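Shown next, in structure tokens, is the structure this report addresses.
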Ligand SMILES: NC(=O)c1ccc[n+]([C@@H]2O[C@H](COP(=O)([O-])OP(=O)(O)OC[C@H]3O[C@@H](n4cnc5c(N)ncnc54)[C@H](OP(=O)(O)O)[C@@H]3O)[C@@H](O)[C@H]2O)c1
């Protein structure tokens, strides 16, 4: 491996894609947003990989609207399964390795302990099923990074919604019966960088530490903003109005076992990173 690998990021306009652009700015980097490269376009993908000859292709592109995937399963399958397969085809031809970003939604969330990388997947939403198909398109030498509850300084996300609602003193309701690890794009991008430099392959769970429900997460955000935490009320998933089209896993907690086994540091507790991330937003 060269000292500085050449890295192509696809889906570069999304919240993780923009963060990867910042994190990898000292590397030999090409970042292509969807309007520059549609990963479902076979010829365009071939041309991009042929032209740039990257060592690694990090795919941050996906159809991430979980409920939208239920109503548009073909579009979801194209972006989340066919796109990654096209990247692998081109990577095979031009000798690159693919880093595919995946999700806790590949699991059904019924396990009573955190999910390990080796646990059996069983998605029950279109989003989860199409993302699982994207994982299956990878070769043994490729890297799958599963993360969860992703948010950060870029793009639309829960943090920005809470900042806006809290500033207006708007009461909110969040579920207390879905738990997971909130993960910040800055911390996740930094670990993806480490994994690429280490030439890691296989599946890695990459999340911040700290297990909370969505309700508890919002309380932590309000606390960090110095706002009253009673702005948020806990509800059950069945009380959500309107009901969501896609089922969510009740247990989204991903054990970062592979990171520990590779001797890489775990990501910080989300509460430790929260003030810095909020500082970029507010
Ligand atoms: N957000 C989460 O909570 C979460 C949790 C776990 C895992 N993940 C995974 O993390 C990765 C990054 O997610 P994110 O939160 O950064 O999502 P995001 O902000 O929605 O960004 C996804 C990007 O992919 C682009 N895209 C969609 N279809 C494409 C295509 N055919 N070709 C090229 N680009 C395409 C989108 O462009 P347009 O906006 O123009 O459509 C968007 O810029 C995804 O793989 C996602 O599945 C996300």
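The values are calculated or read from the model by the stated rules, or taken from the named source; none is laboratory data. Model, not experiment: these values are computed from the prediction. Methodologically, a virtual Cβ is constructed for each residue, glycine included, from the backbone with ideal geometry; neighbour enumeration extends over all protein chains shown.
Summary table below
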quantity	calculated
In region 209-244, the residues that are at pLDDT below 95 and assigned to a loop (DSSP other than H, G, I, E, B)	240, 241, 242, 243, 244
Residues located in region 210-259, provided they are surrounded by fewer than 16 Cβ atoms within 10 Å (Cβ to Cβ) and at positive phi	226
Residue within region 58-71 that is at pLDDT below 95 and away from the ligand (no atom under 12 Å from the Cβ) present	no
Subset of region 93-112 that is assigned to a loop (DSSP other than H, G, I, E, B) and more than 16 Å from the ligand (Cβ to nearest atom) - its residue that is farthest from residue 81 (Cα to Cα)	112
Search result, residues across region 260-282 that are outside any loop (DSSP other than H, G, I, E, B), without any contact (Cβ under 8 Å) to a residue 24 or more places away in the chain and surrounded by fewer than 13 Cβ atoms within 10 Å (Cβ to Cβ)	260, 261, 279
Boolean, residue 161 is in a loop (DSSP other than H, G, I, E, B) and either crowded, with 17+ Cβ neighbours inside 10 Å or more than 14 Å from the chain's Cα centre (by Cα) (or both)	no
Residues (within 6 Å of the ligand (Cβ to nearest atom) and either in a loop (DSSP other than H, G, I, E, B) or over 14 Å from the mean Cα position of the chain (by Cα) (or both)) located in region 7-32	11, 13, 14
Cβ pairs under 7 Å, 6+ apart, first in region 11-32 and more than 20 Å from residue 65 (Cα to Cα), second more than 8 Å from the ligand (Cβ to nearest atom) and at pLDDT below 95	27/4; 28/4
Residue list for region 129-157, restricted to those being closer than 14 Å to residue 280 by Cα and either modelled with pLDDT of 95 or more or assigned to a strand (DSSP E or B) (or both)	151, 152, 153, 154
